[in-house]
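Beneath this line is the structure, given in structure tokens, with notes to follow.
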2 protein chains.
Amino acid sequence: MNPTHIEHIGIAVKNLAEAIKYYEEVLGLKCYAIEEVADQKVKTAFFKVGQTKIELLEATSEESTIAKFIEKKGEGIHHMAFAVNGLEGVLEEVESKGVRLIDKAPRKGAEGLDIAFLHPKSTGGVLTELCEHKD
Amino acid sequence: MNPTHIEHIGIAVKNLAEAIKYYEEVLGLKCYAIEEVADQKVKTAFFKVGQTKIELLEATSEESTIAKFIEKKGEGIHHMAFAVNGLEGVLEEVESKGVRLIDKAPRKGAEGLDIAFLHPKSTGGVLTELCEHKD
């Protein structure tokens, strides 16, 4: 797979406005985008720190996986996303190595990236996202 | 605080050897160091991806916070660490902004870094580490 860097870290929060305040006022990061991703039932806020983004995720529905995650585990880090090249090929490769795919093929995620998730059951409990910038 | 980048992501694993196999064979990363941190009762394995390290953490005792974390939440992402400059001043600054410190002063962590943890109760559920390279 050879990921180039950590594209982002996804963090489940109960209240996006409060969390933005913490990331801006305490950590000194700048929220550069707020975006609703309707099919994932989340509202997201983005920050950049070095090569990596922090993506805060607030559920917009009780059916959202973020709402379920918070109910089960509390607020906190929800997933880790690697930047890769050739996402389709990478998915085939990791599936051939026994990884269970949540997304069999790339789909569109926040910020227009091609994304796919790997199931935490086959990644040591870490919900893992793979991302590719296609310009 | 103005962190420069994500220094590392700490991941709690049950079995370090199995986890290393996954990170090497599936993700294609290379384990460049294995280190035991006696006072934290963990054995760690390090990988580099872009600017960021992945630090796998296996408990060496049932008293380890990693063992307790896994018992409560299962394997997965345990903490996120920011690289900062002037760690002592940063700790004063964030405490003055209402953040609860786990470490009131920097202490030595893995790889010889100066480190300090912020309590997840005041960071939106994210166990947050601050790190400084002092050469």
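In a helix (DSSP H, G or I), within 12 Å of chain A (Cβ to nearest Cβ), under 19 Å from A:ILE77 (Cα atoms) and among the β-branched types (Val, Ile, Thr), is that true of B:ILE66? No; evaluated as a whole, the condition is false for this residue. Among the residues making up the range A:119-130, a single one is in a strand (DSSP E or B) and either facing chain B (nearest Cβ under 9 Å) or in contact with a Pro (Cβ under 6 Å, 6 or more places away or on another chain) (or both): A:THR128. Within the range B:25-42, the set of residues being more than 11 Å from chain A (Cβ to nearest Cβ) and either touching a Phe, Trp or Tyr at 6+ places or on another chain (Cβ under 7 Å) or open to solvent by less than 70 Å² (accessible area, probe 1.4 Å) (or both) comprises B:CYS31, B:TYR32, B:ALA33, B:GLU35, B:VAL37, B:GLN40, B:VAL42. Annotation note: Cβ proximity below 7 Å between a residue of the range B:19-46 that is of a type in the set (Asp, Glu) and a residue that is loosely packed, with under 14 Cβ neighbours inside 10 Å (sequence gap 6+ or interchain) occurs for B:GLU24/B:LYS30; B:GLU25/A:LYS97. Residue count for the range A:73-107, restricted to those that are closer than 22 Å to A:GLU55 by Cβ, more than 9 Å from chain B (Cβ to nearest Cβ) and not aliphatic (A, V, I, L, M): 4. Here is a check on your reading of the model: is B:ALA81 in contact with a Cys (Cβ under 6 Å, 6 or more places away or on another chain), free of Cβ contacts under 8 Å to residues at least 60 places away in the same chain and assigned to a strand (DSSP E or B)? Considered against the rule, which asks whether it is in contact with a Cys (Cβ under 6 Å, 6 or more places away or on another chain), free of Cβ contacts under 8 Å to residues at least 60 places away in the same chain and assigned to a strand (DSSP E or B), B:ALA81 comes out as no. Flag: B:ALA116 does not match the condition of being open to solvent by less than 20 Å² (accessible area, probe 1.4 Å), under 11 Å from the mean Cα position of the chain (by Cα), at pLDDT below 95 and away from chain A (no Cβ under 11 Å). Here is a check on your reading of the model: is A:ILE66 closer than 21 Å to B:MET1 by Cβ, at pLDDT 95 or above, of a type outside the set (Gly, Ala, Ser) and open to solvent by less than 40 Å² (accessible area, probe 1.4 Å)? When the stated conditions are applied, A:ILE66 does not pass them.
The values are calculated or read from the model by the stated rules, or taken from the named source; none is laboratory data. All values reported here derive from a predicted model rather than from experimental measurement. So basically every Cβ, Gly included, is an ideal-geometry build from the backbone, and we count neighbours across all protein chains shown. With ligands, DNA and RNA removed, areas are computed over all heavy atoms of the protein, side chains included. Shrake-Rupley method; radii C 1.70, N 1.55, O 1.52, S 1.80 Å.
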